[in-house]
Amino acid sequence: MTQVPEYLLQRSRERRAALGLPAFGGGEAPAPTAPGEGGEAAPPAPPAAAEGGVPAPAEAPVPATAAAAAAPAVTEPEPEAAYFEPPAARSGIPAWVVPVLALLPIWAFAYVGALNPASSAAPVLTPIQQGAQLFAKNCATCHGAQGEGGIGPKLAGGQAKLTFPNEADHIAWVETGSLTKPKGLAYGDPNRAGGQHTIKVAGMPPFKGTLTDAQIKNVVTFERDGLK
């Protein structure tokens, strides 16, 4: 074993005493100076001396950055994105409203029909009724309101049929009129009791073009079967 020089031991003792460490050989170390009484607080004690009286060298502190670099990086797993399936799109109109809206026009027509029953609608006229309306507007001035005669000959009491036994001849007379025929012209059935009629006043206008064929036929029907 190598002998340690005395001056080194003395220097080590002084150093340990300065650091507040116990002296070699079990001696008591001087009490550390309390903070505030002689200056700064005593520095922390160095690590114990190694065997043979030589103090062990203190381990150098590892820098924080180096320690952090040496430590394996712990990567936290990223949370999985939560997927929420959106609810099915819903219309703001309830399902039962659609058939109601579809039936609404039908209900409206039925409601209007209930307020205006068929009895209030214009009645369907028969050919004689239609002919009576046309006769009142176009023929009554000359032949009388009831066909009793006036400027024109009498038509009531079956006189129209006696003058024109054939309905087609009656229709032709109403279509052409007497306005363009000479006075004194005989017309109608030559076998008529009392003889034919003659044009006394050539004033009956032709109604062909003024009235439709159906209207002329209805007037003739009224004159032949409606005038009593």
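Just so it is clear, none of the values below were taken in a lab; they were calculated from the coordinates. Source: prediction; values computed, not measured.
Using 0.36 nm times the number of residues separating Tyr187 and Ala172, minus their current alpha carbon distance, what extension gain do you get? List each step's numbers first, then the result.
On the way: separation 15, 0.36 × 15 = 5.40 nm, distance 1.16 nm.
So the chain would gain 4.2 nm between Tyr187 and Ala172.
Considering only Cα-Cα distances, which of the following residue pairs are longer than 18 Å: Lys154/Lys228; Lys183/Lys208; Lys137/Lys208; Lys137/Lys200; Lys200/Lys228? Can you show the working numbers first?
On the way: Lys154/Lys228 11 Å; Lys183/Lys208 21 Å; Lys137/Lys208 16 Å; Lys137/Lys200 22 Å; Lys200/Lys228 24 Å.
The pairs that break the limit, which is 18 Å between Cα atoms, are Lys183/Lys208; Lys137/Lys200; Lys200/Lys228.
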Any residue on another chain or 5+ positions along whose placed amide H is under 5 Å from the amide H of Gly152 is listed here as His143
